[in-house]
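Step one of this worksheet: look at the structure below.
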Amino acid sequence: ICLLTLQVTDPMNVSESYSSFASVREFILLGFSCEWKIQILLFSLFTTTYVLTVTGNGAIVCALWCECRLHVPMYIFLGNFSFLEIWYVSSTVPKMLVNFLSYKKTISFTGCFLQFYFFFSLGTSECFLLAVMALDRYLAICHPLHYPNVMTGHFCTKLVIICWVCGFLWFLIPIVFISQMPFCGPNIIDHVVCDPGPLFALACTSAPTIQQLCYTLSSLIIFGNFLFILGSYTLVLLAVLRMPSATGRHKAFSTCGSHLAVVSLFYGSLMIMYVSPGLGHSAGIQKVATLFYAMVTPFFNPLIYSLRNKEIKAALRKVLGHFSINQ
(Lines give C-alpha, C1' and ligand atoms only; values in the text may rest on other atoms or scores of the structure.)
Protein backbone atom coordinates (compact mmCIF):
# COMPACT_ATOMS: atom_id res chain seq x y z
CA ILE A 1 0.00 0.00 0.00
CA CYS A 2 1.18 3.51 -0.80
CA LEU A 3 2.90 5.17 2.14
CA LEU A 4 1.73 8.78 2.45
CA THR A 5 3.56 11.40 4.47
CA LEU A 6 0.55 12.89 6.26
CA GLN A 7 1.13 16.20 8.00
CA VAL A 8 -1.74 16.27 10.49
CA THR A 9 -2.00 18.92 13.16
CA ASP A 10 -2.12 17.56 16.69
CA PRO A 11 -5.75 17.69 17.91
CA MET A 12 -4.52 18.91 21.35
CA ASN A 13 -3.15 22.04 19.68
CA VAL A 14 -6.27 23.00 17.74
CA SER A 15 -6.86 26.11 19.81
CA GLU A 16 -3.29 27.22 19.27
CA SER A 17 -3.54 26.61 15.53
CA TYR A 18 -6.87 28.38 15.38
CA SER A 19 -5.26 31.55 16.68
CA SER A 20 -2.88 31.52 13.76
CA PHE A 21 -4.66 29.51 11.04
CA ALA A 22 -2.00 30.57 8.52
CA SER A 23 0.03 27.63 9.91
CA VAL A 24 -1.85 25.48 7.36
CA ARG A 25 0.18 26.53 4.36
CA GLU A 26 -0.51 23.46 2.28
CA PHE A 27 -3.04 20.68 1.84
CA ILE A 28 -2.57 17.02 1.06
CA LEU A 29 -4.65 15.70 -1.85
CA LEU A 30 -4.92 12.00 -1.08
CA GLY A 31 -6.29 11.13 -4.52
CA PHE A 32 -6.31 7.36 -5.00
CA SER A 33 -4.51 5.62 -2.13
CA CYS A 34 -3.47 2.28 -3.57
CA GLU A 35 -0.50 0.10 -4.35
CA TRP A 36 2.42 1.65 -6.21
CA LYS A 37 1.88 -0.54 -9.29
CA ILE A 38 -1.73 0.61 -9.52
CA GLN A 39 -0.60 4.21 -9.09
CA ILE A 40 1.72 3.80 -12.08
CA LEU A 41 -1.07 2.17 -14.09
CA LEU A 42 -3.46 5.02 -13.28
CA PHE A 43 -0.75 7.55 -14.09
CA SER A 44 -0.26 5.99 -17.53
CA LEU A 45 -4.01 5.82 -18.16
CA PHE A 46 -4.65 9.41 -17.06
CA THR A 47 -1.65 10.72 -19.00
CA THR A 48 -2.85 9.04 -22.18
CA THR A 49 -6.38 10.36 -21.66
CA TYR A 50 -5.10 13.88 -20.99
CA VAL A 51 -2.86 13.93 -24.07
CA LEU A 52 -5.66 12.60 -26.30
CA THR A 53 -8.13 15.12 -24.84
CA VAL A 54 -5.86 18.10 -25.46
CA THR A 55 -4.90 16.81 -28.91
CA GLY A 56 -8.49 16.08 -29.95
CA ASN A 57 -9.92 19.39 -28.79
CA GLY A 58 -6.88 21.24 -30.15
CA ALA A 59 -7.38 19.59 -33.54
CA ILE A 60 -11.00 20.77 -33.64
CA VAL A 61 -9.94 24.33 -32.73
CA CYS A 62 -7.27 24.34 -35.45
CA ALA A 63 -9.61 22.82 -38.06
CA LEU A 64 -12.36 25.36 -37.38
CA TRP A 65 -9.84 28.22 -37.30
CA CYS A 66 -8.26 27.28 -40.63
CA GLU A 67 -11.48 26.48 -42.48
CA CYS A 68 -13.05 29.85 -43.35
CA ARG A 69 -16.20 28.13 -44.56
CA LEU A 70 -16.93 27.07 -40.98
CA HIS A 71 -16.70 30.58 -39.51
CA VAL A 72 -20.41 30.54 -38.71
CA PRO A 73 -22.08 30.78 -35.25
CA MET A 74 -22.58 27.03 -34.77
CA TYR A 75 -18.89 26.26 -35.30
CA ILE A 76 -17.69 29.41 -33.53
CA PHE A 77 -19.47 28.15 -30.41
CA LEU A 78 -18.02 24.67 -30.92
CA GLY A 79 -14.51 26.07 -31.37
CA ASN A 80 -14.80 28.06 -28.15
CA PHE A 81 -16.18 25.00 -26.40
CA SER A 82 -13.21 22.85 -27.48
CA PHE A 83 -10.78 25.63 -26.50
CA LEU A 84 -12.45 25.86 -23.09
CA GLU A 85 -12.21 22.09 -22.64
CA ILE A 86 -8.43 22.22 -23.09
CA TRP A 87 -8.07 24.65 -20.20
CA TYR A 88 -10.78 22.93 -18.15
CA VAL A 89 -8.99 19.58 -18.15
CA SER A 90 -5.62 21.32 -17.67
CA SER A 91 -6.79 23.03 -14.47
CA THR A 92 -6.77 19.75 -12.51
CA VAL A 93 -5.27 16.79 -14.38
CA PRO A 94 -1.57 17.88 -14.39
CA LYS A 95 -1.63 18.10 -10.58
CA MET A 96 -3.31 14.68 -10.41
CA LEU A 97 -0.53 13.23 -12.54
CA VAL A 98 2.18 14.77 -10.33
CA ASN A 99 0.51 13.36 -7.21
CA PHE A 100 0.49 9.85 -8.66
CA LEU A 101 4.29 9.90 -8.63
CA SER A 102 4.64 11.79 -5.35
CA TYR A 103 4.67 10.47 -1.80
CA LYS A 104 3.74 13.76 -0.15
CA LYS A 105 0.89 14.66 -2.56
CA THR A 106 0.89 18.24 -1.31
CA ILE A 107 -0.60 21.36 -2.85
CA SER A 108 0.01 24.85 -1.49
CA PHE A 109 -2.78 26.84 0.14
CA THR A 110 -2.71 29.37 -2.73
CA GLY A 111 -2.41 26.64 -5.35
CA CYS A 112 -5.42 24.82 -3.92
CA PHE A 113 -7.68 27.84 -4.13
CA LEU A 114 -6.38 28.81 -7.57
CA GLN A 115 -7.23 25.32 -8.77
CA PHE A 116 -10.62 25.60 -7.07
CA TYR A 117 -11.29 28.94 -8.78
CA PHE A 118 -10.22 28.01 -12.31
CA PHE A 119 -11.86 24.57 -12.19
CA PHE A 120 -15.21 25.99 -11.11
CA SER A 121 -14.99 29.08 -13.33
CA LEU A 122 -14.21 27.06 -16.46
CA GLY A 123 -16.94 24.57 -15.56
CA THR A 124 -19.44 27.41 -15.14
CA SER A 125 -18.40 28.91 -18.48
CA GLU A 126 -19.00 25.48 -20.01
CA CYS A 127 -22.53 25.40 -18.57
CA PHE A 128 -23.30 28.80 -20.09
CA LEU A 129 -21.73 27.86 -23.42
CA LEU A 130 -23.76 24.64 -23.66
CA ALA A 131 -26.91 26.71 -23.07
CA VAL A 132 -25.91 29.18 -25.79
CA MET A 133 -25.25 26.30 -28.20
CA ALA A 134 -28.76 25.00 -27.48
CA LEU A 135 -30.16 28.48 -28.17
CA ASP A 136 -28.31 28.56 -31.48
CA ARG A 137 -29.79 25.21 -32.56
CA TYR A 138 -33.27 26.33 -31.48
CA LEU A 139 -33.08 29.50 -33.57
CA ALA A 140 -31.59 27.65 -36.57
CA ILE A 141 -34.25 24.92 -36.63
CA CYS A 142 -37.35 26.62 -35.25
CA HIS A 143 -36.81 30.06 -36.83
CA PRO A 144 -34.66 29.45 -39.92
CA LEU A 145 -35.83 32.58 -41.77
CA HIS A 146 -34.97 34.91 -38.87
CA TYR A 147 -31.79 33.05 -37.88
CA PRO A 148 -29.33 34.99 -40.13
CA ASN A 149 -30.65 38.32 -38.86
CA VAL A 150 -30.66 37.29 -35.19
CA MET A 151 -27.50 35.19 -34.84
CA THR A 152 -25.12 37.64 -36.47
CA GLY A 153 -21.36 37.51 -36.04
CA HIS A 154 -21.49 40.46 -33.62
CA PHE A 155 -24.22 38.86 -31.50
CA CYS A 156 -22.38 35.53 -31.54
CA THR A 157 -19.20 37.19 -30.27
CA LYS A 158 -21.13 38.96 -27.50
CA LEU A 159 -22.65 35.67 -26.35
CA VAL A 160 -19.24 34.00 -26.20
CA ILE A 161 -17.76 36.88 -24.19
CA ILE A 162 -20.71 36.81 -21.79
CA CYS A 163 -20.22 33.06 -21.22
CA TRP A 164 -16.55 33.52 -20.34
CA VAL A 165 -17.01 36.63 -18.18
CA CYS A 166 -20.02 35.29 -16.25
CA GLY A 167 -18.25 31.98 -15.72
CA PHE A 168 -15.24 33.65 -14.11
CA LEU A 169 -17.38 35.92 -11.91
CA TRP A 170 -20.02 33.43 -10.78
CA PHE A 171 -18.07 31.74 -7.95
CA LEU A 172 -15.53 34.50 -7.29
CA ILE A 173 -17.08 35.87 -4.08
CA PRO A 174 -17.80 32.46 -2.44
CA ILE A 175 -14.26 31.27 -3.19
CA VAL A 176 -12.80 34.44 -1.64
CA PHE A 177 -14.96 33.87 1.46
CA ILE A 178 -13.88 30.23 1.75
CA SER A 179 -10.20 31.17 1.39
CA GLN A 180 -10.59 33.56 4.34
CA MET A 181 -11.97 30.85 6.64
CA PRO A 182 -9.64 29.58 9.42
CA PHE A 183 -7.93 26.27 8.62
CA CYS A 184 -6.06 25.00 11.68
CA GLY A 185 -5.67 21.33 10.79
CA PRO A 186 -5.89 18.59 9.78
CA ASN A 187 -4.94 19.51 6.25
CA ILE A 188 -5.82 16.26 4.45
CA ILE A 189 -8.28 16.45 1.52
CA ASP A 190 -9.58 12.99 0.66
CA HIS A 191 -10.26 13.94 -2.95
CA VAL A 192 -8.54 14.31 -6.32
CA VAL A 193 -9.13 18.09 -6.55
CA CYS A 194 -9.64 21.01 -4.19
CA ASP A 195 -13.41 20.86 -3.80
CA PRO A 196 -15.70 22.94 -1.55
CA GLY A 197 -17.10 19.95 0.37
CA PRO A 198 -13.76 18.72 1.78
CA LEU A 199 -12.59 22.30 2.35
CA PHE A 200 -15.67 23.10 4.45
CA ALA A 201 -15.00 19.92 6.43
CA LEU A 202 -11.43 21.06 7.18
CA ALA A 203 -12.38 24.57 8.36
CA CYS A 204 -12.04 25.24 12.09
CA THR A 205 -15.46 26.84 12.26
CA SER A 206 -18.70 26.03 10.50
CA ALA A 207 -19.93 28.49 7.90
CA PRO A 208 -23.50 27.47 7.00
CA THR A 209 -24.20 30.74 5.18
CA ILE A 210 -21.20 30.43 2.84
CA GLN A 211 -21.90 26.73 2.39
CA GLN A 212 -25.52 27.39 1.49
CA LEU A 213 -24.43 30.16 -0.89
CA CYS A 214 -22.12 27.73 -2.73
CA TYR A 215 -24.79 25.07 -3.10
CA THR A 216 -27.36 27.66 -4.16
CA LEU A 217 -25.08 29.08 -6.86
CA SER A 218 -24.21 25.55 -7.99
CA SER A 219 -27.87 24.59 -8.21
CA LEU A 220 -28.78 27.77 -10.09
CA ILE A 221 -26.05 27.36 -12.69
CA ILE A 222 -26.67 23.63 -13.17
CA PHE A 223 -30.46 23.46 -13.04
CA GLY A 224 -31.01 26.84 -14.69
CA ASN A 225 -28.92 26.01 -17.74
CA PHE A 226 -30.07 22.38 -17.85
CA LEU A 227 -33.75 23.36 -17.87
CA PHE A 228 -33.05 25.99 -20.54
CA ILE A 229 -31.32 23.37 -22.70
CA LEU A 230 -34.12 20.86 -22.06
CA GLY A 231 -36.76 23.42 -23.03
CA SER A 232 -34.87 24.45 -26.15
CA TYR A 233 -34.51 20.89 -27.38
CA THR A 234 -38.12 20.07 -26.58
CA LEU A 235 -39.15 22.84 -28.97
CA VAL A 236 -36.54 21.65 -31.47
CA LEU A 237 -37.90 18.10 -31.28
CA LEU A 238 -41.44 19.28 -31.93
CA ALA A 239 -40.25 21.35 -34.88
CA VAL A 240 -38.22 18.46 -36.31
CA LEU A 241 -41.14 16.03 -36.07
CA ARG A 242 -43.24 18.45 -38.15
CA MET A 243 -40.67 18.51 -40.96
CA PRO A 244 -42.05 16.90 -44.13
CA SER A 245 -38.63 15.78 -45.38
CA ALA A 246 -37.04 12.68 -43.87
CA THR A 247 -33.61 13.99 -44.92
CA GLY A 248 -34.22 17.24 -43.06
CA ARG A 249 -35.30 15.37 -39.93
CA HIS A 250 -32.22 13.16 -40.05
CA LYS A 251 -29.88 16.13 -40.47
CA ALA A 252 -31.51 18.03 -37.59
CA PHE A 253 -31.38 15.01 -35.28
CA SER A 254 -27.74 14.39 -36.22
CA THR A 255 -26.77 17.98 -35.46
CA CYS A 256 -28.59 18.09 -32.13
CA GLY A 257 -27.69 14.53 -31.08
CA SER A 258 -24.02 15.37 -30.52
CA HIS A 259 -24.86 18.31 -28.31
CA LEU A 260 -27.39 16.31 -26.29
CA ALA A 261 -24.85 13.53 -25.72
CA VAL A 262 -22.33 16.02 -24.32
CA VAL A 263 -25.00 17.67 -22.15
CA SER A 264 -26.08 14.31 -20.72
CA LEU A 265 -22.52 13.29 -19.83
CA PHE A 266 -21.62 16.63 -18.28
CA TYR A 267 -24.77 17.46 -16.35
CA GLY A 268 -25.39 13.92 -15.13
CA SER A 269 -22.19 13.80 -13.11
CA LEU A 270 -22.47 17.43 -11.99
CA MET A 271 -25.89 16.87 -10.47
CA ILE A 272 -24.60 13.92 -8.46
CA MET A 273 -21.89 16.08 -6.91
CA TYR A 274 -23.20 19.60 -6.40
CA VAL A 275 -26.98 19.62 -6.16
CA SER A 276 -27.42 16.75 -3.71
CA PRO A 277 -25.03 17.55 -0.85
CA GLY A 278 -27.34 16.06 1.72
CA LEU A 279 -26.94 12.53 0.37
CA GLY A 280 -23.52 12.20 2.00
CA HIS A 281 -21.69 10.66 -0.91
CA SER A 282 -18.69 8.55 0.02
CA ALA A 283 -15.22 9.78 -0.88
CA GLY A 284 -14.95 7.11 -3.58
CA ILE A 285 -18.17 8.19 -5.30
CA GLN A 286 -17.06 11.82 -5.16
CA LYS A 287 -13.73 10.99 -6.79
CA VAL A 288 -15.31 8.92 -9.56
CA ALA A 289 -17.99 11.53 -10.28
CA THR A 290 -15.38 14.29 -10.36
CA LEU A 291 -13.18 12.32 -12.75
CA PHE A 292 -16.19 11.73 -14.98
CA TYR A 293 -16.93 15.40 -15.66
CA ALA A 294 -13.31 16.57 -15.27
CA MET A 295 -11.70 14.00 -17.60
CA VAL A 296 -14.14 11.62 -19.29
CA THR A 297 -16.48 14.23 -20.75
CA PRO A 298 -13.69 16.43 -22.23
CA PHE A 299 -12.14 13.25 -23.67
CA PHE A 300 -15.33 12.17 -25.47
CA ASN A 301 -16.34 15.63 -26.70
CA PRO A 302 -14.05 15.73 -29.77
CA LEU A 303 -15.00 12.15 -30.61
CA ILE A 304 -18.71 12.88 -30.36
CA TYR A 305 -18.57 16.05 -32.43
CA SER A 306 -16.05 14.93 -35.07
CA LEU A 307 -17.42 11.45 -35.71
CA ARG A 308 -20.98 12.71 -36.19
CA ASN A 309 -20.20 15.80 -38.27
CA LYS A 310 -19.06 15.45 -41.89
CA GLU A 311 -17.95 19.10 -42.15
CA ILE A 312 -15.66 18.81 -39.14
CA LYS A 313 -14.21 15.55 -40.43
CA ALA A 314 -13.56 17.21 -43.80
CA ALA A 315 -11.89 20.19 -42.09
CA LEU A 316 -9.73 17.86 -39.99
CA ARG A 317 -8.64 15.92 -43.06
CA LYS A 318 -7.78 19.18 -44.80
CA VAL A 319 -5.66 20.41 -41.88
CA LEU A 320 -3.90 17.05 -41.57
CA GLY A 321 -3.31 17.04 -45.32
CA HIS A 322 -1.66 20.48 -45.22
CA PHE A 323 0.43 19.37 -42.24
CA SER A 324 1.60 16.25 -44.07
CA ILE A 325 2.52 18.26 -47.17
CA ASN A 326 4.49 20.76 -45.08
CA GLN A 327 6.29 17.94 -43.35
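The values are calculated or read from the model by the stated rules, or taken from the named source; none is laboratory data. Small disclaimer: the values here were computed from a predicted structure and weren't measured. As a convention, Cβ positions derive from the backbone with ideal geometry for all residues, glycine included, and neighbour counts pool all protein chains shown. With ligands, DNA and RNA removed, areas are computed over all heavy atoms of the protein, side chains included. Shrake-Rupley method; radii C 1.70, N 1.55, O 1.52, S 1.80 Å.
Laid out as a table, the results:
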{"read-out": "Computed accessible area, residue 69, all protein chains, 1.4 angstrom probe, square angstrom", "value": "140 Å²"}
{"read-out": "Computed label-point distance, nm, for sites residue 296 and residue 71 using a 7 Å Cα→Cβ extension", "value": "3.9 nm"}
{"read-out": "Extension reserve of the residue 209-residue 288 stretch, reckoned as 0.36 nm per residue once the Cα distance is removed", "value": "25.7 nm"}
{"read-out": "Pairs beyond 24 Å (Cα-Cα), from 37/95; 95/287; 158/287", "value": "158/287"}
{"read-out": "Within-15-Å neighbourhood charge of residue 228 [Cβ basis; K, R +1; D, E -1]", "value": "-1"}
{"read-out": "Under 27 Å from the Cα of residue 318 - lysines, other chains or at least 8 residues apart", "value": "251, 310"}
{"read-out": "Accessible solvent surface per residue of segment 13-154, calculated while the other protein chains remain in place, 1.4 angstrom probe, Å²", "value": "46 Å²"}
{"read-out": "Of all accessible heavy-atom area on segment 140-238, the percent that carbon and sulfur account for (1.4 Å)", "value": "75 percent"}
{"read-out": "Segment 30-115: chymotrypsin sites (Phe, Trp or Tyr not before Pro) in DSSP loop, at most 12 other beta carbons within 10 Å", "value": "103"}
{"read-out": "As computed over segment 73-146, the Cα convex hull volume per residue (Å³)", "value": "77 Å³"}
{"read-out": "Virtual spin-label span in nm between residue 25 and residue 230, 7 Å along Cα→Cβ", "value": "4.9 nm"}
{"read-out": "Label point distance in nm, residue 181-residue 318, each placed 7 Å from Cα along Cα→Cβ", "value": "5.1 nm"}
